[in-house]
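Scroll down for the structure; my scribbles are underneath it.
The values are calculated or read from the model by the stated rules, or taken from the named source; none is laboratory data. All figures in this text were calculated on a predicted structure; none of them were measured in a lab. With ideal geometry, Cβ positions are generated from the backbone for all residues, glycine too; neighbour counts draw on all protein chains shown. Please note that ligands, DNA and RNA were not included when accessible areas were found on the heavy atoms of the full protein model with its side chains. Shrake-Rupley method; radii C 1.70, N 1.55, O 1.52, S 1.80 Å.
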Amino acid sequence: MRASNLYAPTLRNTPAEAEIVSHQLMYRAGMIRKVAGGMYTFLPLGWRVIRKIEEIIRDEMDAAGGQEVGMPILQPSELWEESGRWAAYGEEMMRIKDRHGRDFCLGPTHEEMMTDLVRDEVRSYKQLPLLLYQIQDKFRDERRPRFGLMRSREFIMKDLYSFDKDIEGMNESYQKMYDAYTNIYNRMGLKFRPVEADNGAIGGGHSHEFTVLADAGESNIAYCTKCDYAASDEKAALAPIPAAEEEALPLEKVETPSVNTIDGLVEFLGIPAQKTIKAVAYQTDTDQLVLAFVRGDHDVNEVKVINQVEGALELRMADDAAIEAVGGCPGFMSPIGIKDGTLILVDPTVMNMANAVAGANEADHHYKNVNPKRDFTQEGIVVTDLRMVKEGDACPHCGAPLTMTRGIEAGQVFTLGTKYSKAMGAMFLDEKGKEQPLYMGCYGIGVGRTMAAAIEQNNDEQGIIWPRAIAPFEVVVVAVNAKKEEQLQYAESIYKECRQAGIDTLLDDRKERAGVKFADCDLIGYPVRVVIGPKAVEEGQIEVKVRKTGEVFTFGRDEYLTKVQELLQTL
Ligand code: ATP
Ligand code: MG
């Protein structure tokens with residue numbers, strides 16, 4: 001490919017709407033253009049990156065036994081009625097009607113379609129396991145499409161679905177996909193972590209998010225400084241913190257006028273936050289009141305709260321009236337004095353506390369010397385991990401300190417169990433001739449989001465720094481002054497040699513100023529730049545620059561190709 005023929009309109013300025021670096025750089029490097037909110041066109045350079053990511057994914061899916069299929073994007077509502085998700089999916093689903101008034105959606109995911117594909121024809125355990133996948137556009141009418149390819153409304157996803165005869169088989173398929181994902185992100189040259197994830201509304205079994213480490217990430221992840229434990233903050237399980245042995249003193253009510261925050265208590269009573277108990281009252285979307293208690297210096301993890309309430313999907317802060325109805329006093333709350341039968345969640349660390357301070361369920365009053373094991377006697381108390389992880393907490397696997405980082409969820413793997421097969425009647429006959437539901441798993445990778453994540457992780461002031469495996473071109477050969485015929489000829493011959501050696505090469509033969517071309521090279525982020533100027537033409541000295549390190553080498557005509565190949569191996 002010659003740059004003089006390439007449609008890659010680069011910009012020096014950043015478009016106002018691009019908030020994060022990947023969006024800005026893809027725009028400026030002429031890789032994407034916006035069509036409408038959350039919808040983008042890929043220009044040739046951007047599309048080359050997408051194709052390279054897809055090829056790596058395809059290769060690993062095939063190696064793990066996956067088979068690629070091609071499915072329609074348009075999905076009939078009947079299939080979603082069967083699984084119960086036509087009503088449940090909500091506003092994210094893009095729905096349309098055909099001319100006869102029949103309902104369809106633009107596929108946000110394909111569990112129903114895949115289950116439907118296999119249910120009539122997979123009849124025997126001998127046909128299992130079966131792993132089917134596709135790479136295709138998905139549609140989700142996100143509440144806030146933003147950050148370019150990171151959260152768009154139409155986006156490319158690889159989605160694979162596994163079908164097995166039992167739980168063991170399902171777990172083996174899960175492991176195969178976990179390993180394949182690990183290979184994919186390694187091959188792309190990205191720093192990532194598979195983190196234990198909340199299984200969310202999809203239900204059942206385990207899940208990992210493959211998270212590309214980058215500051216702009218929406219996920220907070222906690223990882224161990226010693227072992228390989230990593231989990232999203234929503235999921236990180238935490239062991240109870242022990243408290244020093246203390247003799248339990250008698251409960252004492254004290255006046256604390258208008259002191260209704262932990263900070264206020266710490267100041268008013270001159271005690272550390274670790275000696276206080278924090279109360280948070282929620283109401284679920286199912287209108288259940290939940291009172292949650294953690295140590296004063298800890299925060300409540302709302303996902304852990306939701307998981308304790310059957311059928312609940314969302315939480316909001318409880319109304320004062322709802323709190324008062326069960327005997328609670330907003331701002332001065334503890335479990336003591338709350339009506340029996342109220343759902344009270346207490347973090348196990350709180351249960352270890354001795355002589356703590358907690359609300360007295362009376363305005364402007366707290367109790368001192370609260371000993372939860374002695375004083376929390378209400379019916380309905382559930383002791384369960386509620387705490388939000390923070391830097392320095394102990395790793396649940398090995399006890400070493402956890403550290404926090406931000407990351408971008410680029411892929412996710414799930415076991416689904418029999419949720420869809422039972423709902424949609426996808427059965428097979430086992431070894432004994434008995435009818436059984438298929439055990440399923442689903443495995444997604446956002447192709448565009450992975451591209452954006454790669455840029456978030458690899459960039460500098462000048463532009464993108466592509467890992468070689470997914471760069472739009474591996475090498476750019478720049479004719480410094482393309483108006484000079486000798487330089488252009490020389491660059492042409494270098495370009496041909498590189499291509500013959502199997503290197504994905506671009507020839508920058510544009511009759512632009514050298515400065516403009518070099519700035520474009522840095523912005524677009526080709527891993528290796530080969531410069532052909534007078535020194536090459538006259539002395540056979542070829543300048544090679546590595547984008548990532550900024551190193552500049554000069555190689556002779558006979559050795560440059562091997563050297564470039566060696567450099568590429570490291571990028
Ligand atoms: P999120 O929590 O970020 O909304 P999700 O968990 O709903 O994502 P999945 O259903 O697990 O997403 O989809 C698989 C992959 O598809 C994600 O890991 C992500 O890479 C990608 N993806 C999901 N939603 C979008 C989107 N709106 N834009 C771009 N990529 C997306
Ligand atoms: Mg996900």
Solvent-accessible area of Leu106, probe 1.4 Å, all protein chains present, reported in Å² to the nearest ten, please.
40 Å²
What value, in deg cm²/dmol to 500, does the helix sum -39500 (n - 2.57) over DSSP H runs of n ≥ 4 give at 222 nm once divided by the residues of the chain?
-8000 deg cm²/dmol
Considering every Cα-Cα pair within the chain, what fraction, in whole percent, is farther apart than 34 Å?
54 percent
1/(1 + (r/R0)^6) with r = Cβ-Cβ of Gln67 and Gln569, R0 = 41 Å, i.e. FRET efficiency to nearest 0.05, evaluates to 0.80
Please calculate how many Å² of accessible area the stretch 252-383 carries per residue, with a 1.4 Å probe and no DNA, RNA or ligand atoms counted.
43 Å²
Whole-Hz ³J(HN,Hα) from phi, Karplus 6.51 cos²θ - 1.76 cosθ + 1.60, for the stretch 456-468, glycine and proline x
4, 7, 10, 7, 9, 3, 7, x, 7, 10, 5, x, 3
Accessible solvent surface per residue of the stretch 55-199, calculated while the other protein chains remain in place, 1.4 angstrom probe, Å²:
47 Å²
For Met388, the accessible surface traced by a 1.4 Å probe with all protein chains present amounts, in square angstrom to the nearest 10, to 50 Å²
From most to least accessible, 1.4 Å probe, no ligand or DNA/RNA atoms counted, Leu568, Leu313, Leu249 line up as Leu313, Leu249, Leu568
Rounded, prolate or oblate (a/c below 1.5 giving rounded, otherwise prolate when a/b exceeds b/c) for the stretch 473-569 by Cα gyration tensor:
rounded
In the stretch 196-293, which GluC sites (Glu not before Pro) fall in coil by DSSP and have 16 or fewer other Cβ atoms within 10 Å?
Glu218, Glu245, Glu246, Glu247
Local electrostatic count at Val516 - Lys and Arg +1, Asp and Glu -1, tallied over other residues with Cβ under 13 Å
+1
Report the one residue of Tyr367, Ile338, Gly380 whose Cα lies farthest in the direction of the positive end of the charge dipole of the stretch 329-380 (charges on C-beta: Lys and Arg +1, Asp and Glu -1; origin at the Cα centre).
Tyr367
Give the relative contact order (percent, whole number) for the chain; include only Cα pairs under 8 Å separated by 6+ residues.
16 percent
Any idea of Trp86's accessible area? Nearest 10 Å², probe 1.4 Å.
30 Å²
Need the full-extension length gain, Lys226 to Leu11, defined as separation in residues times 0.36 nm minus the C-alpha distance. One decimal, nm.
73.0 nm
Mind ranking His366, His208 by accessible surface for me, highest first, 1.4 Å probe?
His208, His366
Nearest-ten-degree value, helix 485-500 long axis tilted from longest Cα axis of the chain:
60 degrees
With x for Gly and Pro, the residue-by-residue ³J(HN,Hα) of the stretch 346-358, computed from phi through the Karplus equation 6.51 cos²θ - 1.76 cosθ + 1.60 at θ = phi - 60° and given in whole Hz, is 10, 5, x, 4, 5, 4, 7, 6, 10, 6, 8, 10, 9
Just to confirm, what accessible area per residue do you get for the stretch 473-569 at 1.4 Å probe, in whole Å²?
45 Å²
Taking 0.36 nm per residue of separation and subtracting the Cα-Cα distance, what length does fully extending Asp98 through His206 add?
35.1 nm
So what's the angle, to the nearest 10 degrees on a 0 to 90 scale, between helix 167-187 and the longest Cα principal axis of the chain?
50 degrees
Rounded to whole Hz, the Karplus (6.51, -1.76, 1.60) HN-Hα couplings of the stretch 19-35, x for glycine and proline
8, 10, 4, 5, 5, 4, 6, 5, 5, 5, 7, x, 9, 9, 9, 7, 9
So which trypsin sites (Lys or Arg not before Pro) in the stretch 66-160 pass both tests, a DSSP loop state and at most 12 other Cβ atoms within 10 Å of the Cβ?
Arg99, Arg102, Arg143
For Leu507, Leu128, give the ranking by accessible area with the largest first, probe 1.4 Å.
Leu128, Leu507
How tilted is helix 514-524 with respect to the longest principal axis of the chain? Cα atoms for both, answer in degrees (0 to 90, nearest 10).
40 degrees
If R0 is 25 Å, what FRET efficiency do you get for Glu252 and Ala394 from their C-beta distance, rounded to 0.05?
0.15
Return the long-range amide H neighbours of Leu506 (sequence gap of 5 or more, or a different chain), with a cut-off of under 5 Å between placed amide H atoms.
Val475, Val476, Val477
Is the shape of the stretch 1-146 best called rounded, prolate or oblate, per the rule: a/c under 1.5 gives rounded, else a/b larger than b/c gives prolate, else oblate, with a ≥ b ≥ c the square roots of the Cα gyration tensor eigenvalues?
oblate
Which loop-located trypsin sites (Lys or Arg not before Pro) does the stretch 486-556 contain, where loop means any DSSP state but H, G, I, E or B and the Cβ has at most 14 other Cβ atoms within 10 Å?
Lys511, Arg513
Take the cross-link list Lys483/Lys517; Lys52/Lys138; Lys138/Lys390; Lys191/Lys226; Lys158/Lys434 and give me the ones stretching past 23 Å between alpha-carbons.
Lys138/Lys390; Lys158/Lys434
Considering only protein heavy atoms and a probe of 1.4 Å, how much of the accessible area of the chain is carbon and sulfur, as a whole percent?
48 percent
